[in-house]
Structures are given as C-alpha cells and as structure tokens.
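The values are calculated or read from the model by the stated rules, or taken from the named source; none is laboratory data. Just so you know, these numbers come straight off a predicted model, no measurement behind them. Neighbour counts run over all protein chains shown; Cβ positions are idealised from the backbone, glycine included. Keep in mind that these areas ignore ligands, DNA and RNA; they rest on the heavy atoms of the full protein, side chains included. Shrake-Rupley method; radii C 1.70, N 1.55, O 1.52, S 1.80 Å.
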Amino acid sequence: MYFYCEKCKKQYPLNTHAIRCSCGGLFRLHKDAEDQVPQTVHIGHMVTPLVPMRAGNIDVLLKLENLQPTGSYKDRGAAALVNVAASLGIERIALDSAGYAGASVAAYAAAAGMACKVFVPEGVPASVVQQLTMYGAEVVRVAGTRMDACAEAKRHLGSSWYYASPAYNPLFAEGVKSLAHELYEQLGGAVPEYIFVPAGNGSLLLGLYLGFMEIGRLPHLVAVQSDGCAPLYRAFEEAKGIAGDAAAAAEAPSSLFDDPDFSIERPKRLKEMLFAVESSGGAVVTVTEEELHAAQRALGHRGVYAELSAAAGLAAARKFFPHGKPDNYRVVVPVTGSGFKR
C-alpha cells in the first residue's frame, strides 16, 4: 500500500508526515488485492445490528453505529488508520476534530500505546473534552470554528506528529469501507436500494462508495446536510444546471443548527463527494433543525438514543419519500453517533 497524489500521481509512503502532495493535491490510497490492514489493535468495534423501523409512512433499516465502542461509526476508520500507523512504528498521532473522530482516534491510539494530540474548536461541549482526556489525549482548544482548529493543527504538526485527519488521510475511508461489506452480508448478498448518509467532511459517504465499488454495485447514495451549511448540496444543484432558488436558499442559513462535525463549510474532498453521489444515481438533501429534532425523537421512541446530527439520515429519508416508497426498496439509515456523545 502507498499514498499517491490525486493530481500528479506522485507516490508517498504510508508513514509520510506530509499532509498533502507538494503540488497541493490530496492523497489517495493504492492498495493491491493481497494487501491487508493489520488487526492487532482492537477496542471492541463490531458488526452492528441492522434493525427495522417504521418511520411515518416508510419502512427503513437502522444501522446502529451508535453502539460502537466510542459511540460512533468513526471507530471503523480509526481502527484501520491506527492499526496501519502502529505497524509502521509511528508513536505520535494528531488530528483536528469536534468530537467523533477525535474520540475514535484517541481511543485506538491509547490501545496502541501512542501519544495523541487533538485540536478542537473552543465551543465543543465539555463531554467531548472529557472523553478525549479519559483516553489520555492532549487536548488543544482553538479559538474560532472547526476550520480554525484544522488550520491550527496543520500549523503545529511539523515532522514529529503523524496527521490522522479523516479528511486528509485516506486510511480512514479504508476502514469505513467495512460498513458497505457488512451491509452486503447482512442483507444476504444484496445491495440496498438507498442509503441516507450525513455528509460533513464526507468520510462516511466516501467509505461507503469505495466499499460498494469493491462489491461491484452501488446503492443510491443520498448525502444529507444541514440547511444552514450545505456546500455539497450547492455543488450538486449547480452540476445539474439548476443553481437558482434552491441552491441560493442553502447559501443563507434558515436553521440555528451548528454541529461542527456535520456542518463543514469547505470539505476538502468536495469533488470526490459529488462524484460519489452522482455515480450512484443519488442525491443531496438538506434538513432543518426542526426536522432533525423530529427524527431524533422518532428514533428515541424506537428505543434508539441518537445524537442530533445522527438523526439526519432518518430526517432526510422521510423528506425524500414524502408519499412512501415502493415495498421492495431497502432503505438503510446509519445512526452515526450516540446521544451520549453530546
């Protein structure tokens, strides 16, 4: 396995401390069929249940990623990234995060005996910081937004810390691919017709896309964004040539919702995210804060305690199929994070 530049194709070793190629391109992962991700560091990530739910006038299948060890699907990505890093002898790992990814990487780093540093925006809840410090991570609070935390992390990494950002390091998506293979097995060797995917930096969307590409068939991937921060929605509408009122509406926030993991103003892999949606025949849907709260309550009444942005898939599915869906459509909604996270 090795990294290569999406633009100039220059190759880099997996243990490079470069964040991106010298030409400015982002890294992608080259992996031969015989290449395997090590599995020596484990904290209990698992095959999560796929359970049915009646949501209004549609039936969906909830993929309960909120049950992963640190409370989110990002344990899948962290498992792959930290296992590879540990196999390469890397001892210090760092990233910027608003909670989910930071907790996952910090937990796996702790199990691997690595030092971990996490840059967080100053407004993150105390529960996020508490979880990070419990894993032994050094937490650096940064004034400003999630993007400011990212910029600060890149300024201070130097050559001594390995950058474990899901947005930059392709090993993270390599781990998330397992979700696609798991769904395929749970559905008896079938691919669902639709998956509704919360999309901030796109690690879940891209991981699912890559995983189903390996399987050989894509579901319709429907990316979900907050109506207050929807760069992928705007790009999707513009690509269809209808960038008028709908795209403009997403430009001006009509929601107070401001989850820093869900609402990413400038996702680094926007073009890849758009390609994944378009290639799958999917779509991009925006949801309001009110729709998110309604979906969160509906999940709660099903016995599933989801963090607010983790209800985005259900909110979007209900919006996408307002009059119901064909009976033979299998619609998967990943519950991406536990309500205990915030």
*Say a paramagnetic label sat at a point 7 Å from the Cα of Q36, along Cα to Cβ; which residues of segment 151-190 have their backbone N under 19 Å from it?*
174-179, 181-182
*Enumerate the aspartates and glutamates that K7 could reach by cross-link, defined here as Cα to Cα under 19 Å, with residues fewer than 8 away along the same chain left out.*
E272
*Post the alpha-carbon centroid distance, segment 33-71 to segment 267-333, in whole angstrom.*
16 Å
*asked:* Over the Cα atoms of segment 24-74, what radius of gyration and what Dmax do you get, in Å?
replied: 17.0, 47
*In Hz, Karplus ³J(HN,Hα) per residue of segment 272-279 (6.51, -1.76, 1.60; θ = phi - 60°; x = Gly, Pro)*: 5, 4, 5, 4, 4, 5, 5, 5
*Would you mind working out the accessible area per residue for the chain, using a 1.4 Å probe, and quoting it in Å²?*
40 Å²
*Would you mind calculating the relative contact order of the chain from Cα pairs under 8 angstrom and at least 6 residues apart, reporting the percent as a whole number?*
18 percent
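Quick check: with the 1.4 Å probe, what order do M134, M53 take by accessible area, largest first?
M134, M53
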*Enumerate the whole-percent occupancy of each 20 Å bin, from 0 to the last occupied one, for all C-alpha pair distances of the chain.*
33, 61, 6
*All other residues with a Cβ under 11 Å from the Cβ of L157 taken together, and with Lys, Arg as +1 and Asp, Glu as -1, what is their net charge?*
+2
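If I compute solvent accessible area with a 1.4 Å probe over the protein chains, what percent of it on the chain is carbon and sulfur?
52 percent
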*When Lys and Arg each count +1 and Asp and Glu each count -1, what net charge do the other residues less than 15 Å away from M46, Cβ to Cβ, add up to?*
-1
